[in-house]
Protein chains: 2
Amino acid sequence: MHKLTSKQKSILDFIANFGNEYSYPPTLKEIGEKFRITIGTVQDHIKALQNKGYLERRKDIARGFRVVKSDEENQKERIKSQLNVIPLYGNVAAGEPIFADDNVQGYVTMEKNLKGHKIHFALKVKGDSMIDSGIYDGDIVIVRKQDSAEDGEIVIALLDDEATVKTLRNRRIKAYLEASNSKYKSIINKPFKIIGKVIELRRDYNII
Amino acid sequence: MHKLTSKQKSILDFIANFGNEYSYPPTLKEIGEKFRITIGTVQDHIKALQNKGYLERRKDIARGFRVVKSDEENQKERIKSQLNVIPLYGNVAAGEPIFADDNVQGYVTMEKNLKGHKIHFALKVKGDSMIDSGIYDGDIVIVRKQDSAEDGEIVIALLDDEATVKTLRNRRIKAYLEASNSKYKSIINKPFKIIGKVIELRRDYNII
DNA sequence: AATTTATGCATAGATTAATATGGCATAATT
DNA sequence: AATTATGCCATATTAATCTATGCATAAATT
């Protein structure tokens, strides 16, 4: 891959980070002012960056830049910008509305895109009924809201008006919820409602 | 706070999300085309959004929009700004330098502050030797670099030039590494070096 | 030595985009 | 009933921005 000159790199960085302060890319003129060079010179640099594949640009479009590649720092910034901040709900007591604002204990960040653009939330796991699936008391599960799931998927279900983490069993005549702990029996004869599917697990170890 | 009409809200959303596809805000004309209204009408809507405090705009600046976010949005932004982007290393083969750039498989974000300001990295777990501690093959552990740890803490240790996840046992005469799986024996008579301590666990469930 | 690349200047012209006005109709609010 | 806000159009003007072109020099490359 073509390497950038230091001048080109600093211009690329400028373009990439301009949006942190404003919310739009710079114009040629603004770039020129920053580096005390004329527009014509800026054109040349831009052209070089395009040729080297670091920058895309829409013709005749004001501020029509798009940074394709960039250095590591910029990549990190971009990762940050693609994060989703989702609410973390605590233990939901029976009868309480699950998604009440009062229940928000904090916020968790997750990478979006990969996991579809549906609505997500996080939930703190209570109890050890899923221990054989490696989900422990106090773990945090990230959940995608949906009202159905496949056999074997770990779901959040509403049971007796309480949110609970279980494995969904869906293969026979009737769907039921299965605990991943031999101490617990599967829940077969109670009605339940699936509210989401677990897509990620987080566990914090206590730090001294 | 003034409430938005549905028209105003959809225009605000359009402006806010335009940058997801491009990397710059739209022009008045582009907004107009989207909603099949003329520029003059767009002007009116923009003015309304500005008056209500949802949108800022630079005079005479092409695409000079800036969506002013609600309180909730701002809080999320603040959370994002306190994130740390750390490298994710893959399985480190014997003899290879652990922190080589070539081994970086991606990046993971973590909330900083809480966990000290030391240097962190992430590692993909290979094998099932920690299964009884709820750490599975393919899980990602977030590690804080340090060269010692307390009894019972889960550490990343360098053993035969390979990075491995184990529980540190440190209570008797001699420290040793313990697997969390009855199939595996503890590693007592080999020299090892602690390179970090596991502070967080992440597990992705496959999404359909 | 010749060529290419990077860096720079200057300027005219074309195009894009924002602004300024004025007018009209309807719904919501006072 | 009067006022205000909303929602819409049309057009002329000004400002911002991009493009095209030619020229110059030093450094790196062939």
* Asked: Can you put A:K47, B:K52 in order of accessible area, largest first, using a 1.4 Å probe?
  -> A:K47, B:K52
* Chains A and B: how much accessible area gets covered up at their contact, both sides added, probe 1.4 Å, in Å² to the nearest hundred? -> 4100 Å²
* Solvent exposure, largest accessible area first (probe 1.4 Å, DNA, RNA and ligands not counted), of B:K3, A:K145, A:K190 -> B:K3, A:K190, A:K145
* First check a/c for segment A:114-208, with a ≥ b ≥ c the square roots of the eigenvalues of its C-alpha gyration tensor; if it is under 1.5, answer rounded, and if not, answer prolate when a/b is larger than b/c or oblate otherwise. => oblate
* Structure fact -> Given backbone amide H placed at 1.01 Å from N, residues whose amide H is under 5 Å from that of A:Y107, ignoring those fewer than 5 places away on the same chain, are A:L88
* Say each of B:D44 and A:L159 gets a label point 7 Å from the Cα, pointing the same way as Cα to Cβ; how far apart are those two points in nm? -> 5.7 nm
* Rg (Å, one decimal) plus Dmax (Å, integer) for the alpha carbons of segment B:12-60? -> 10.5, 27
* Asked: What are the distances, in nm and sorted shortest first, from the label point of A:S10 to the label points of the same position in each other copy, with each label point placed 7 Å from Cα along the Cα-to-Cβ direction?
  -> 4.8
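The values are calculated or read from the model by the stated rules, or taken from the named source; none is laboratory data. Everything numeric in this text was worked out from a predicted model, so none of it was measured. Quick reminder, even Gly has a Cβ in these numbers, built from the backbone with ideal geometry, and neighbours come from all protein chains shown. Note: areas computed on protein heavy atoms with side chains; ligands, DNA, RNA excluded. Shrake-Rupley method; radii C 1.70, N 1.55, O 1.52, S 1.80 Å.
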